[in-house]
Amino acid sequence: MGKSRTAPNPDIKPEQLLGGVSPETFLRDYWQKRPLLVRQALPHFSPPSKNPLGPDGLMRLAMREDAESRLVCQTRGRWTLEYGPFGAERLGALPRRNWSLLVSGVNLMLPYGDRLLQAFGFMPQARLDDLMVSYAPEGGGVGPHFDSYDVFLIQGHGRRRWEISGQNDLELVEGAPLRILKRFRPEQSWELEPGDLLYLPPKYAHNGVALDPCMTWSVGFRAPSSHEIASAFLDYRQDRLDLAGMYSDPDLTLPRHSAELTPQLLGRLSEMIQGARWTARDEADFLGTYLSEPKPHIFFEPPARPMGLKRFADRVASRGLRMDPRSKLLFIKGGAFFINGEAFRSPAGCRQALVRLADQRRLPAAPLPDALLRLFHDWYRAGYMWPAGEN
Ligand code: SIN
Ligand code: CO
C-alpha cells in the first residue's frame with residue numbers, strides 16, 4: 001500500500017510519544033542502545049476520564065481466569081511472588097504498603113489498552129508484545145532487576161521514582177522467587193509524573209518505587225532467543241516431514257568387519273537425511289505462522305449469532321471493519337499473508353487492501369470485492385475481526 005506509514009491510533013502521534021524525537025531518530029540513536037526519558041509523552045493520561053483503568057479496574061482484571069496476573073510483596077527485605085487469578089479476599093487483605101499487582105495482556109482486555117499499544121505502530125508489529133499495567137501503593141515495586149526486552153514505562157496516576165543503571169554486573173540474588181539484582185548501583189534517578197515515559201533497552205538495570213499509590217503502563221517487546229526460534233522451527237518441520245522410501249541394499253557384499261559402519265551404508269543413510277532439507281520459503285512460511293500465532297492462553301470469541309454474508313457486506317460498506325485485539329495479521333512483501341498462525345494467499349486484486357488492513361488494523365467504510373468479503377466473513381465468524389462498532 002504505497003508508502004504511507006500512518007500510526008493506526010490517530011489520537012497519539014509517535015513524535016509526541018517520543019518527546020519530539022522522530023521515530024527514525026529514536027530507532028537510530030536510542031532503540032536497543034540507551035534510555036530515553038520523555039516528560040509529558042501522554043499529557044492528561046492520568047485523569048479518570050482519559051485513563052479508563054484505575055486500581056479497582058486492575059484488581060477486577062487480576063481476578064479474571066484469562067488474565068496473566070502477579071502479586072509481588074516485600075516484607076522486611078523478603079520478596080514473595082504469587083500468581084493469579086486472585087480472589088477478592090486476597091486482594092482485599094493486602095497491607096498498606098510495599099506490594100505491587102501486575103497484569104499482562106491488558107491490550108487484549110481493554111480497548112483503550114489496545115489503542116495505546118497501537119500508538120507504537122511505528123514499530124514492526126512482530127516485535128510488539130503486550131501492555132502490562134501495574135498498581136502499587138507507596139513503597140511498592142518489583143525490586144531492582146533487568147528485563148531481557150525493550151520496554152516503554154508510562155506513568156499513569158501517582159508518582160514513581162525510577163533509578164536506572166547501565167551496569168554490566170547482572171548477577172541475581174540466588175533463591176529469590178523473582179529476579180532481583182544482587183548489587184544495584186543506580187546511575188540516574190527521576191520522579192515520573194502522570195504522562196511521563198521512560199524507554200529502557202534490554203538488560204538495562206532499573207528499580208521503580210511508588211512514591212504514592214501509582215500505576216505504570218509498560219509496553220513490552222518480544223525477541224525470541226536463538227534456541228527458541230530454531231527449536232520451534234524444527235518442531236514445525238517435524239510436523240510436516242513426510243518422506244517416501246526406505247533403506248535398501250540389494251547390492252550388499254560380504255563385509256570384512258560385521259561391526260563396521262561402511263561408507264556405502266553411511267552415504268546412503270545420509271542421502272535419506274538430506275530429504276529433510278528446507279528452503280528459504282519454508283523458513284519464511286514458518287516465521288509468518290510462528291510470529292502471527294497468538295499466545296497459548298488466548299482464545300477467540302466468535303459472535304453468538306453471526307450475521308449472514310449479505311448483512312455483513314452492508315455493515316462493512318457503511319461502517320468499515322477492525323481487527324479483534326487478539327488477532328495478528330502479518331505479511332511478507334510479495335508473498336504470503338498470515339493470520340493467527342495460518343498462512344494464506346491474497347485473492348487476486350486484493351493485496352493492497354489486505355496490506356492496509358494489516359498495517360492499520362482497520363479498514364474504512366467502503367464496498368469490498370466479493371472474494372475479500374467472503375474471506376472477511378469467515379474471519380468475522382471465527383472472532384478474528386468485526387464490523388466497526390460491533391462487539
Ligand atoms: C512495574 O510496573 O512495576 C514493573 C515494570 C518494570 O520494571 O519492568
Ligand atoms: Co522491568
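The values are calculated or read from the model by the stated rules, or taken from the named source; none is laboratory data. Since we're looking at a predicted model, the values are computed, not measured. Here the Cβ is made from the backbone with ideal geometry for all residues, glycine too, and neighbour counts use every protein chain on show.
Residues to consider are GLY208, GLY195; find the one that is under 30 Å from LEU116 (Cα atoms), within 16 Å of ligand 1 (Cβ to nearest atom) and assigned to a loop (DSSP other than H, G, I, E, B). Lay out the reasoning, then the answer.
Values: GLY208 fails: assigned to a loop (DSSP other than H, G, I, E, B).
It is GLY195.
Just checking, does segment 327-341 include any residue being out of contact with any Ser or Thr (no Cβ under 9 Å at 6 or more places or on another chain), surrounded by 13 or more Cβ atoms within 10 Å (Cβ to Cβ) and farther than 21 Å from ASP130 by Cβ? I'd like the intermediate steps shown before the answer.
Going residue by residue through segment 327-341, those that are out of contact with any Ser or Thr (no Cβ under 9 Å at 6 or more places or on another chain) are 332-335.
Subset that is surrounded by 13 or more Cβ atoms within 10 Å (Cβ to Cβ): 332, 335.
Keeping just the survivors that are farther than 21 Å from ASP130 by Cβ gives 332, 335.
Within segment 327-341, one or more residues are out of contact with any Ser or Thr (no Cβ under 9 Å at 6 or more places or on another chain), surrounded by 13 or more Cβ atoms within 10 Å (Cβ to Cβ) and farther than 21 Å from ASP130 by Cβ.
Taking segment 151-168 on its own, how many of its residues are within 24 Å of PHE221 (Cβ to Cβ), away from ligand 2 (no atom under 15 Å from the Cβ) and at pLDDT 95 or above?
Matching residues across segment 151-168 total 1.
With the condition kept exactly as written, say whether any residue in segment 132-150 is surrounded by 18 or more Cβ atoms within 10 Å (Cβ to Cβ), touching a residue at least 24 places away in the same chain (Cβ under 8 Å) and among the charged types (D, E, K, R).
yes
Among what's in segment 213-227 and is under 17 Å from PHE45 (Cα atoms) and not β-branched (Val, Ile, Thr), pick the residue that is nearest to ligand 2 (Cβ to nearest atom).
Filtering segment 213-227 down to residues under 17 Å from PHE45 (Cα atoms) leaves 213-219.
If we keep only those that are not β-branched (Val, Ile, Thr) too, we end up with 213-215, 217-218.
Working: PRO213: 19, CYS214: 15, MET215: 15, TRP217: 13, SER218: 7 Å.
So, considering only residues that are under 17 Å from PHE45 (Cα atoms) and not β-branched (Val, Ile, Thr), the one nearest to ligand 2 (Cβ to nearest atom) is SER218.
Quick check on this structure: which one of PRO144, PRO137 is within 11 Å of ligand 1 (Cβ to nearest atom), modelled with pLDDT of 95 or more and over 23 Å from the mean Cα position of the chain (by Cα)? Lay out the reasoning, then the answer.
On the way: PRO137 fails: within 11 Å of ligand 1 (Cβ to nearest atom).
The unique qualifying residue is PRO144.
Anything in segment 72-90 that is over 18 Å from ALA210 (Cα atoms) and buried (at least 19 other Cβ atoms within 10 Å of the Cβ)? List them, or say none.
Answer for segment 72-90, where residues must be over 18 Å from ALA210 (Cα atoms) and buried (at least 19 other Cβ atoms within 10 Å of the Cβ): GLY84, PHE86.
Would you say ALA205 is at negative phi, within 16 Å of ligand 2 (Cβ to nearest atom) and of a type in the set (Gly, Ala, Ser)? Write out each step before concluding.
Values: at negative phi: yes; within 16 Å of ligand 2 (Cβ to nearest atom): yes; of a type in the set (Gly, Ala, Ser): yes.
In short, yes.
Hey, among the residues in segment 108-131 that are assigned to a helix (DSSP H, G or I) and among the hydrophobic types (A, V, I, L, M, F, W, C), which one's surrounded by the fewest Cβ atoms within 10 Å (Cβ to Cβ)? Spell out the reasoning first.
Initial filter on segment 108-131 (assigned to a helix (DSSP H, G or I)): 108, 111-118.
Those left that are additionally among the hydrophobic types (A, V, I, L, M, F, W, C): 108, 116-117.
Values: LEU108: 21, LEU116: 25, LEU117: 23.
Result: LEU108.
Would you call ALA366 over 26 Å from ASN107 (Cα atoms) and in contact with an Asp or Glu (Cβ under 7 Å, 6 or more places away or on another chain)? Before you say what the answer is, go through the steps one by one.
Details: over 26 Å from ASN107 (Cα atoms): yes; in contact with an Asp or Glu (Cβ under 7 Å, 6 or more places away or on another chain): no.
Criteria not met by ALA366.
Looking at (1) part of a strand (DSSP E or B); (2) without any contact (Cβ under 8 Å) to a residue 24 or more places away in the chain, find the lone condition where LEU330 falls short.
It is condition (2) that LEU330 fails.
Answer yes if at least one residue in segment 219-237 is farther than 30 Å from VAL106 by Cβ, exposed (fewer than 12 other Cβ atoms within 10 Å of the Cβ) and touching a Leu at 6+ places or on another chain (Cβ under 7 Å), and no otherwise.
No: zero hits.
Out of segment 294-326, which residues are of a type in the set (Val, Ile, Thr) and buried (at least 19 other Cβ atoms within 10 Å of the Cβ)?
Let us first name the residues in segment 294-326 that are of a type in the set (Val, Ile, Thr), namely 298, 316.
Hit for segment 294-326 is VAL316, nothing else.
In this structure, is ARG179 more than 25 Å from the chain's Cα centre (by Cα) and either closer than 20 Å to PRO35 by Cβ or outside the structural domain of PRO201 (by TED's automatic domain parsing) (or both)?
Taking the combined requirement at face value, the residue does not satisfy it.
Yes or no, residue by residue, for (1) under 20 Å from HIS297 (Cβ atoms); (2) within 16 Å of ligand 2 (Cβ to nearest atom); (3) modelled with pLDDT of 95 or more:
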| residue | (1), (2), (3) |
| --- | --- |
| GLY77 | no, no, no |
| GLU82 | yes, no, yes |
| LEU116 | no, no, no |
| VAL133 | yes, yes, yes |
| LEU172 | no, yes, yes |
| ALA176 | no, yes, no |
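So if I check each of SER189, SER148, which one is away from ligand 2 (no atom under 12 Å from the Cβ) and in the same structural domain as PRO124 (by TED's automatic domain parsing)? Let's see the steps before the verdict.
On the way: SER148 fails: away from ligand 2 (no atom under 12 Å from the Cβ).
Only one candidate passes the filter, namely SER189.
So which residues in segment 371-390 are exposed (fewer than 15 other Cβ atoms within 10 Å of the Cβ) and either acidic (Asp, Glu) or in a strand (DSSP E or B) (or both)?
ASP378, GLU390, listed by residue number.
Which residues, counting only those in segment 260-306, are in contact (Cβ under 8 Å) with a residue 24 or more places away in the chain and farther than 22 Å from PHE344 by Cβ?
Listed by number, the residues that qualify are MET272, GLY275, ALA276, HIS297.
Can you tell me how many residues in segment 80-107 are of a type in the set (Asp, Glu) and assigned to a strand (DSSP E or B)? Even if it seems obvious, please write down each step before you answer.
Taking segment 80-107 as the starting set, the residues that turn out to be of a type in the set (Asp, Glu) are 82, 89.
Narrowing the set further to residues that are assigned to a strand (DSSP E or B) leaves 82.
Qualifying residue count for the region: 1.
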